[in-house]
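Scroll down for the structure; my scribbles are underneath it.
The values are calculated or read from the model by the stated rules, or taken from the named source; none is laboratory data. Since the structure is predicted, the reported quantities are computational estimates derived from the model, not experimental observations. Note that each Cβ is placed from the backbone with ideal geometry, even for glycine, and that neighbours are counted across all protein chains shown.
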Amino acid sequence: MEAVPLPHIGIDESGKGDFFGPLVIAGALLDESSAKICLELGVCDSKKLNDKKILQLAVEIRKLCVHDIIAISPKKYNELYGSFKNLNKLLAWGHATVLENILSKKPCELAISDKFADENVILRALKERGKSIKLIQRTKAEEDIAVACASVLARAGFVNGTAKLSGQFELDFPKGASPKVVEAGQKFVQKYGEAELKNVAKLHFKTREQCI
């Protein structure tokens, strides 16, 4: 993958494929100096790291660079999904909001994110500041150090958000949408009722039908 010149902003999300827990979108603005330190710390795509390492790295990344994190609780996610009727549009809104928030803290001319199926979805969602910068969309964007930092920040937000829900409802909420997730969903519905699912899970997932 061709390197994108620094400084630039990386954007990534976590939780979009998980039935339980929040959707978290994060962005990180790196320059040569902060990128070098992040590489030395071992920052890489969060999918290659365990939760403990992710949480440790997220603390360091937050100290090192201008960043922004939007954590959308399951309840809020379900409301937004009801408005957008489309996950890509919801994601594009989140990416555009993170980008705008970072640019309000520090100017930058370049940003990189994972490629959307329809590249115009995110371009249409960009706000005033976002429209003035070059946005590169590419597959495997996590290979870029700024996107890797964003992926760690987003995953840390997801891990913490899901742990908070587990503590609140005194149940384990497994990641993904596997049979274990269905089992946890059935336990939740038995204990709290179907109406409460909106507070812990993404209701448009087919997994929901197996839980009720």
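In the condition set (1) in a helix (DSSP H, G or I); (2) in contact with a Phe, Trp or Tyr (Cβ under 7 Å, 6 or more places away or on another chain); (3) closer than 21 Å to G82 by Cα, F205 is compliant with all but (1).
Residues are listed down the side, and each one gets a yes or a no for (1) within 27 Å of L55 (Cα to Cα); (2) basic (K, R); (3) assigned to a loop (DSSP other than H, G, I, E, B); (4) touching a Leu at 6+ places or on another chain (Cβ under 7 Å):
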site	(1), (2), (3), (4)
P107	no, no, yes, no
E128	no, no, yes, no
A154	yes, no, no, no
N160	yes, no, no, no
F173	yes, no, yes, yes
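Can we say F116 is free of Cβ contacts under 8 Å to residues at least 24 places away in the same chain, of a type in the set (F, W, Y) and closer than 30 Å to L197 by Cα? Judged against the criteria, F116 is not a match. One residue stands out among those in the range 136-189 that are in contact with a His (Cβ under 9 Å, 6 or more places away or on another chain) and buried (at least 23 other Cβ atoms within 10 Å of the Cβ): the one that is nearest to E32 (Cα to Cα), which is A146.
Among the residues of the range 1-8, is there at least one that is surrounded by fewer than 18 Cβ atoms within 10 Å (Cβ to Cβ), modelled with pLDDT under 95, within 20 Å of K140 (Cα to Cα) and among the acidic types (D, E)? Within the range 1-8, one or more residues are surrounded by fewer than 18 Cβ atoms within 10 Å (Cβ to Cβ), modelled with pLDDT under 95, within 20 Å of K140 (Cα to Cα) and among the acidic types (D, E).
On the basis of being surrounded by 16 or more Cβ atoms within 10 Å (Cβ to Cβ), modelled with pLDDT under 95, over 16 Å from the mean Cα position of the chain (by Cα) and charged (D, E, K, R), does R124 make the cut? Considered against the rule, which asks whether it is surrounded by 16 or more Cβ atoms within 10 Å (Cβ to Cβ), modelled with pLDDT under 95, over 16 Å from the mean Cα position of the chain (by Cα) and charged (D, E, K, R), R124 comes out as no. What about G157, is it in contact with a Cys (Cβ under 8 Å, 6 or more places away or on another chain), at pLDDT 95 or above and at negative phi? Spelling it out, it is not the case that G157 is in contact with a Cys (Cβ under 8 Å, 6 or more places away or on another chain), at pLDDT 95 or above and at negative phi. If I ask for residues that are among the hydrophobic types (A, V, I, L, M, F, W, C) and free of Cβ contacts under 8 Å to residues at least 60 places away in the same chain, which ones from the range 184-201 would you list? Those that are among the hydrophobic types (A, V, I, L, M, F, W, C) and free of Cβ contacts under 8 Å to residues at least 60 places away in the same chain: F188, V189, A195, L197. Within the bounds of the range 113-120, is there any residue that is surrounded by 13 or more Cβ atoms within 10 Å (Cβ to Cβ) and either assigned to a helix (DSSP H, G or I) or aliphatic (A, V, I, L, M) (or both)? Checked against the condition, which is being surrounded by 13 or more Cβ atoms within 10 Å (Cβ to Cβ) and either assigned to a helix (DSSP H, G or I) or aliphatic (A, V, I, L, M) (or both), the range 113-120 yields no hits at all.
What about K89, is it of a type outside the set (A, V, I, L, M, F, W, C), farther than 24 Å from K48 by Cβ and part of a helix (DSSP H, G or I)? Yes, satisfied.
Anything in the range 22-71 that is aliphatic (A, V, I, L, M), surrounded by fewer than 24 Cβ atoms within 10 Å (Cβ to Cβ) and in a loop (DSSP other than H, G, I, E, B)? List them, or say none. Correct list: L49 only. When L203 is tested against (1) in contact with a strand residue (DSSP E or B) (Cβ under 9 Å, 6 or more places away or on another chain); (2) among the aliphatic types (A, V, I, L, M); (3) within 17 Å of G17 (Cβ to Cβ), only condition (1) is not met. Counting only residues that are in contact with a Phe, Trp or Tyr (Cβ under 7 Å, 6 or more places away or on another chain) and not small (G, A, S), the range 19-46 holds 5 of them. Counting residues in the range 177-199 that are under 23 Å from the mean Cα position of the chain (by Cα), modelled with pLDDT under 95 and in a loop (DSSP other than H, G, I, E, B) gives one or more.
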